[in-house]
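To start, the structure under review is shown below, and the notes come after it.
The values are calculated or read from the model by the stated rules, or taken from the named source; none is laboratory data. Everything quoted here is computed from the prediction, not taken from an experiment. Ideal geometry is used to build each Cβ from the backbone, glycine not excepted, and the neighbour counts take in all protein chains shown. Only protein heavy atoms, including side chains, enter the accessible area calculation; ligands, DNA and RNA are left aside. Shrake-Rupley method; radii C 1.70, N 1.55, O 1.52, S 1.80 Å.
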Amino acid sequence: MRTVTTRLTPVAIAALVGLPIALAAPATASDHESGTELSATLTEISGSGASGTAWGWVDGTELTIQIEAMGLLDGAPHAQHIHIGGSNTCPSADLAGSGFEGAVRTTDAVDFYGGVAVSLTNEGGMTGPDHALDVMDFPAEGEYSYERTFEVPQDVADDIAAGNGVVVVHGVDHNGSGEYDGDQESDLDPSLPSEATDPAMCGTLDVAQMAMPEDGVATGGGATQGTEHAGAIALGAVAIGAGALGLAASRRRTETARR
Ligand SMILES: [Cu+2]
(Lines give C-alpha, C1' and ligand atoms only; values in the text may rest on other atoms or scores of the structure.)
Protein backbone atom coordinates (compact mmCIF):
# COMPACT_ATOMS: atom_id res chain seq x y z
CA MET A 1 0.00 0.00 0.00
CA ARG A 2 2.79 2.33 0.87
CA THR A 3 4.40 1.65 -2.48
CA VAL A 4 1.36 2.83 -4.42
CA THR A 5 1.49 6.12 -2.58
CA THR A 6 5.21 6.40 -3.17
CA ARG A 7 4.72 5.90 -6.89
CA LEU A 8 2.10 8.58 -7.01
CA THR A 9 4.44 11.14 -5.59
CA PRO A 10 6.86 11.21 -8.53
CA VAL A 11 3.88 11.20 -10.88
CA ALA A 12 2.49 14.23 -9.11
CA ILE A 13 5.85 15.97 -9.15
CA ALA A 14 6.33 15.18 -12.83
CA ALA A 15 2.91 16.57 -13.63
CA LEU A 16 3.51 19.73 -11.66
CA VAL A 17 6.87 20.52 -13.19
CA GLY A 18 5.97 19.32 -16.67
CA LEU A 19 8.39 16.41 -16.92
CA PRO A 20 7.40 13.55 -19.21
CA ILE A 21 5.05 11.35 -17.22
CA ALA A 22 6.74 8.21 -18.53
CA LEU A 23 9.77 8.96 -16.35
CA ALA A 24 7.64 8.16 -13.34
CA ALA A 25 6.65 4.68 -14.52
CA PRO A 26 7.55 2.08 -11.89
CA ALA A 27 10.51 -0.15 -12.69
CA THR A 28 8.70 -3.27 -11.57
CA ALA A 29 6.00 -3.15 -14.24
CA SER A 30 4.88 -6.62 -15.13
CA ASP A 31 2.51 -8.27 -17.55
CA HIS A 32 0.83 -10.45 -14.97
CA GLU A 33 -2.91 -10.60 -15.41
CA SER A 34 -3.71 -12.40 -12.17
CA GLY A 35 -2.14 -12.74 -8.80
CA THR A 36 -1.03 -10.51 -5.97
CA GLU A 37 1.79 -7.98 -6.05
CA LEU A 38 3.88 -7.46 -2.93
CA SER A 39 6.58 -5.08 -1.90
CA ALA A 40 8.85 -4.59 1.08
CA THR A 41 11.33 -2.05 2.32
CA LEU A 42 14.19 -3.84 4.02
CA THR A 43 15.61 -2.02 7.01
CA GLU A 44 18.62 -2.83 9.16
CA ILE A 45 18.44 -4.79 12.38
CA SER A 46 20.76 -3.93 15.29
CA GLY A 47 22.68 -1.32 13.30
CA SER A 48 23.91 -3.78 10.68
CA GLY A 49 24.09 -1.04 8.03
CA ALA A 50 22.18 -3.16 5.52
CA SER A 51 19.27 -1.88 3.48
CA GLY A 52 17.26 -2.89 0.47
CA THR A 53 13.94 -3.52 -1.18
CA ALA A 54 11.99 -6.59 -2.11
CA TRP A 55 9.22 -7.11 -4.62
CA GLY A 56 7.09 -10.16 -5.12
CA TRP A 57 4.31 -11.70 -7.13
CA VAL A 58 2.15 -14.65 -6.10
CA ASP A 59 0.04 -16.32 -8.77
CA GLY A 60 -1.45 -19.61 -7.67
CA THR A 61 1.49 -21.48 -6.21
CA GLU A 62 4.06 -19.64 -8.31
CA LEU A 63 6.13 -17.10 -6.43
CA THR A 64 8.44 -14.51 -7.96
CA ILE A 65 10.76 -12.63 -5.64
CA GLN A 66 13.19 -9.83 -6.41
CA ILE A 67 15.57 -8.46 -3.80
CA GLU A 68 17.90 -5.48 -4.06
CA ALA A 69 20.37 -5.59 -1.18
CA MET A 70 23.23 -3.36 -0.09
CA GLY A 71 25.38 -2.65 2.92
CA LEU A 72 26.03 -6.32 3.71
CA LEU A 73 29.37 -8.02 4.42
CA ASP A 74 31.01 -8.66 1.06
CA GLY A 75 32.33 -12.11 0.23
CA ALA A 76 30.21 -13.88 2.84
CA PRO A 77 26.98 -15.80 2.29
CA HIS A 78 23.70 -14.16 3.19
CA ALA A 79 20.94 -16.63 3.95
CA GLN A 80 17.67 -15.03 2.92
CA HIS A 81 14.20 -16.28 3.67
CA ILE A 82 10.55 -15.50 3.75
CA HIS A 83 9.46 -16.03 7.32
CA ILE A 84 5.82 -16.59 8.25
CA GLY A 85 4.39 -16.64 11.75
CA GLY A 86 4.54 -14.72 15.00
CA SER A 87 2.93 -11.34 14.39
CA ASN A 88 4.17 -11.38 10.75
CA THR A 89 6.24 -8.28 11.39
CA CYS A 90 9.86 -7.23 11.78
CA PRO A 91 11.37 -6.86 15.25
CA SER A 92 10.81 -3.51 16.86
CA ALA A 93 13.82 -1.21 16.77
CA ASP A 94 14.24 -1.37 20.54
CA LEU A 95 14.21 -5.16 20.82
CA ALA A 96 17.08 -6.24 23.07
CA GLY A 97 18.83 -9.28 21.64
CA SER A 98 21.05 -12.01 23.04
CA GLY A 99 23.85 -11.37 20.56
CA PHE A 100 26.95 -9.23 20.20
CA GLU A 101 26.50 -6.11 22.35
CA GLY A 102 22.77 -6.75 22.52
CA ALA A 103 22.31 -7.48 18.83
CA VAL A 104 19.17 -9.34 17.80
CA ARG A 105 19.82 -12.95 16.84
CA THR A 106 17.48 -14.90 14.62
CA THR A 107 15.57 -16.67 17.38
CA ASP A 108 15.28 -13.48 19.47
CA ALA A 109 12.75 -12.13 16.98
CA VAL A 110 10.79 -15.28 16.28
CA ASP A 111 7.71 -13.83 17.99
CA PHE A 112 7.76 -11.11 15.35
CA TYR A 113 8.47 -12.97 12.09
CA GLY A 114 7.97 -16.64 12.93
CA GLY A 115 9.95 -19.40 11.30
CA VAL A 116 11.43 -19.91 7.85
CA ALA A 117 8.76 -20.75 5.26
CA VAL A 118 10.76 -20.19 2.07
CA SER A 119 14.51 -20.29 1.49
CA LEU A 120 15.45 -17.76 -1.20
CA THR A 121 18.35 -19.79 -2.50
CA ASN A 122 20.23 -19.18 -5.72
CA GLU A 123 19.05 -20.83 -8.86
CA GLY A 124 19.40 -24.56 -8.43
CA GLY A 125 19.12 -24.55 -4.67
CA MET A 126 16.08 -25.93 -2.91
CA THR A 127 13.57 -23.42 -1.58
CA GLY A 128 11.89 -25.14 1.36
CA PRO A 129 12.51 -24.40 5.04
CA ASP A 130 14.81 -27.44 5.29
CA HIS A 131 17.30 -25.50 3.18
CA ALA A 132 17.36 -22.37 5.33
CA LEU A 133 21.06 -22.73 6.07
CA ASP A 134 22.38 -24.07 2.77
CA VAL A 135 24.98 -21.35 2.97
CA MET A 136 26.58 -22.20 -0.37
CA ASP A 137 23.27 -21.56 -2.14
CA PHE A 138 22.76 -17.93 -1.14
CA PRO A 139 24.12 -14.63 -2.47
CA ALA A 140 27.56 -13.88 -1.05
CA GLU A 141 28.14 -10.25 -1.90
CA GLY A 142 27.76 -7.01 -0.02
CA GLU A 143 25.44 -5.64 -2.67
CA TYR A 144 23.36 -7.80 -4.97
CA SER A 145 20.24 -8.16 -7.07
CA TYR A 146 18.31 -11.39 -6.70
CA GLU A 147 15.40 -12.68 -8.70
CA ARG A 148 13.82 -16.08 -8.77
CA THR A 149 10.49 -17.66 -9.74
CA PHE A 150 9.53 -21.01 -8.25
CA GLU A 151 6.70 -23.06 -6.81
CA VAL A 152 5.72 -22.95 -3.15
CA PRO A 153 3.10 -24.98 -1.25
CA GLN A 154 -0.45 -23.63 -1.49
CA ASP A 155 -0.66 -22.65 2.18
CA VAL A 156 2.60 -20.75 1.92
CA ALA A 157 1.40 -18.99 -1.24
CA ASP A 158 -1.85 -18.07 0.48
CA ASP A 159 -0.06 -16.68 3.52
CA ILE A 160 2.31 -14.60 1.40
CA ALA A 161 -0.56 -13.31 -0.76
CA ALA A 162 -2.37 -12.31 2.44
CA GLY A 163 0.57 -10.08 3.37
CA ASN A 164 1.92 -12.39 6.07
CA GLY A 165 5.39 -12.93 4.58
CA VAL A 166 8.45 -11.23 6.06
CA VAL A 167 11.74 -11.10 4.15
CA VAL A 168 14.78 -11.56 6.38
CA VAL A 169 18.38 -11.39 5.11
CA HIS A 170 20.98 -12.83 7.48
CA GLY A 171 24.68 -12.42 8.14
CA VAL A 172 26.22 -9.51 10.05
CA ASP A 173 29.88 -8.70 10.71
CA HIS A 174 29.22 -7.19 14.13
CA ASN A 175 32.87 -6.87 15.14
CA GLY A 176 34.04 -5.50 11.80
CA SER A 177 36.62 -8.23 11.25
CA GLY A 178 35.68 -8.69 7.59
CA GLU A 179 34.38 -12.21 8.08
CA TYR A 180 31.93 -14.19 10.16
CA ASP A 181 33.65 -15.00 13.44
CA GLY A 182 33.43 -14.32 17.14
CA ASP A 183 32.97 -16.49 20.21
CA GLN A 184 29.23 -16.88 20.03
CA GLU A 185 27.74 -19.88 18.26
CA SER A 186 24.78 -19.48 15.95
CA ASP A 187 21.42 -20.05 17.58
CA LEU A 188 20.41 -21.93 14.40
CA ASP A 189 23.52 -24.05 13.75
CA PRO A 190 26.24 -24.34 16.43
CA SER A 191 28.80 -25.15 13.74
CA LEU A 192 28.50 -21.56 12.51
CA PRO A 193 29.38 -18.32 14.28
CA SER A 194 26.34 -16.32 15.31
CA GLU A 195 27.41 -13.57 12.90
CA ALA A 196 26.69 -15.92 9.98
CA THR A 197 23.02 -16.24 10.85
CA ASP A 198 22.15 -13.07 12.75
CA PRO A 199 19.46 -11.09 10.92
CA ALA A 200 20.89 -8.13 9.00
CA MET A 201 17.68 -6.63 7.63
CA CYS A 202 13.99 -7.24 7.51
CA GLY A 203 10.89 -6.09 5.67
CA THR A 204 7.23 -7.09 5.56
CA LEU A 205 5.91 -8.17 2.17
CA ASP A 206 2.89 -5.92 2.00
CA VAL A 207 0.18 -6.38 -0.59
CA ALA A 208 0.88 -3.63 -3.10
CA GLN A 209 -2.47 -3.60 -4.85
CA MET A 210 -5.71 -5.50 -5.27
CA ALA A 211 -5.50 -8.77 -7.16
CA MET A 212 -7.83 -8.84 -10.14
CA PRO A 213 -9.82 -12.06 -10.56
CA GLU A 214 -10.18 -13.45 -14.05
CA ASP A 215 -13.65 -11.97 -14.51
CA GLY A 216 -12.09 -8.56 -14.00
CA VAL A 217 -14.21 -7.58 -11.03
CA ALA A 218 -12.26 -6.37 -8.05
CA THR A 219 -13.22 -7.97 -4.79
CA GLY A 220 -13.46 -6.22 -1.42
CA GLY A 221 -10.59 -5.10 0.74
CA GLY A 222 -11.02 -1.92 2.74
CA ALA A 223 -7.34 -1.10 3.08
CA THR A 224 -6.62 -1.12 -0.63
CA GLN A 225 -9.79 0.78 -1.40
CA GLY A 226 -8.62 3.38 1.07
CA THR A 227 -5.37 3.61 -0.85
CA GLU A 228 -7.27 4.09 -4.09
CA HIS A 229 -9.13 6.98 -2.51
CA ALA A 230 -5.92 8.50 -1.25
CA GLY A 231 -4.55 8.32 -4.78
CA ALA A 232 -7.67 9.93 -6.21
CA ILE A 233 -7.40 12.74 -3.70
CA ALA A 234 -3.73 13.28 -4.48
CA LEU A 235 -4.39 13.30 -8.20
CA GLY A 236 -7.34 15.61 -7.68
CA ALA A 237 -5.00 18.11 -6.11
CA VAL A 238 -2.67 17.77 -9.09
CA ALA A 239 -5.58 18.29 -11.51
CA ILE A 240 -6.57 21.47 -9.75
CA GLY A 241 -3.01 22.72 -9.67
CA ALA A 242 -1.86 21.67 -13.13
CA GLY A 243 -4.93 21.37 -15.34
CA ALA A 244 -4.31 19.18 -18.37
CA LEU A 245 -1.14 17.73 -16.88
CA GLY A 246 -3.22 16.53 -13.97
CA LEU A 247 -5.49 14.66 -16.35
CA ALA A 248 -2.46 13.01 -17.90
CA ALA A 249 -1.41 11.89 -14.45
CA SER A 250 -4.87 10.46 -13.81
CA ARG A 251 -4.66 8.41 -16.98
CA ARG A 252 -1.28 7.11 -15.95
CA ARG A 253 -2.71 6.14 -12.59
CA THR A 254 -5.44 4.14 -14.29
CA GLU A 255 -2.89 2.21 -16.29
CA THR A 256 -0.91 1.53 -13.15
CA ALA A 257 -3.98 0.26 -11.37
CA ARG A 258 -4.71 -2.20 -14.16
CA ARG A 259 -1.42 -4.00 -14.00
CU1 LIG B 1 15.60 -16.11 7.88
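Brief remarks follow.
- All other residues whose Cβ lies under 11 angstrom from that of Asp74 are scored, Lys and Arg at +1 and Asp and Glu at -1, for a net of -4.
- The apolar share of the surface of segment 35-207, taken as the fraction of accessible area on carbon and sulfur atoms (1.4 Å probe, ligands and nucleic acids excluded), comes to 47 percent.
- Segment Thr43-Glu147, length gained on full extension (0.36 nm per residue, minus Cα span): 35.5 nm
- For segment 46-127, the per residue solvent-accessible surface stands at 39 Å², with DNA, RNA and ligands left out and a 1.4 Å probe.
- In a fully extended conformation the segment linking Ser191 and Asp74 would gain 40.0 nm over its present Cα-Cα distance, using 0.36 nm per residue.
- Net lengthening on full extension, Asn175/Asp130 (0.36 nm per residue, minus Cα-Cα): 13.3 nm
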